[in-house]
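Everything below concerns the one structure shown next.
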Amino acid sequence: MIILVLLVVLLFGAKRLPDAARSIGKSMKIFKAETKDLAGDKNAAHEDAEPVETRQIPVPPAPAPAPAATTDQQVADLQRQLDELKKQQAADQPQKNAS
């Protein structure tokens, strides 16, 4: 051990060793603080979490099936809206190309 200490003193010099030790000490202090902070964040996240409610949500009754005529009317309305949107899009395309 004595040989290693003498070798380190010879390599770095007696004046630089206290500064190096101080830097290492500060780095270790910061590292420990950050590790505790991370561990504290994990615990705080679990503590801050609200308890989960386990009540069952009532399921509403299923709606009665729509008559075929109403469904056909809805399909026709949607098809008409789709056609109108396609016409609008086609009309907008030449304006964009002209710009």
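Readers should treat all values here as calculations from the given coordinates under stated rules, not as data from a laboratory. This is a predicted model, so every value here is computed, not measured.
For the pair A39 and L17 in one chain, pulling the backbone fully straight at 0.36 nm per residue adds 4.6 nm over the alpha carbon distance. Could you work out the mean projected area of the convex hull around the alpha carbons of the range 1-45, in square nanometres to one decimal? So the Cα hull casts an average projection of 4.0 nm².
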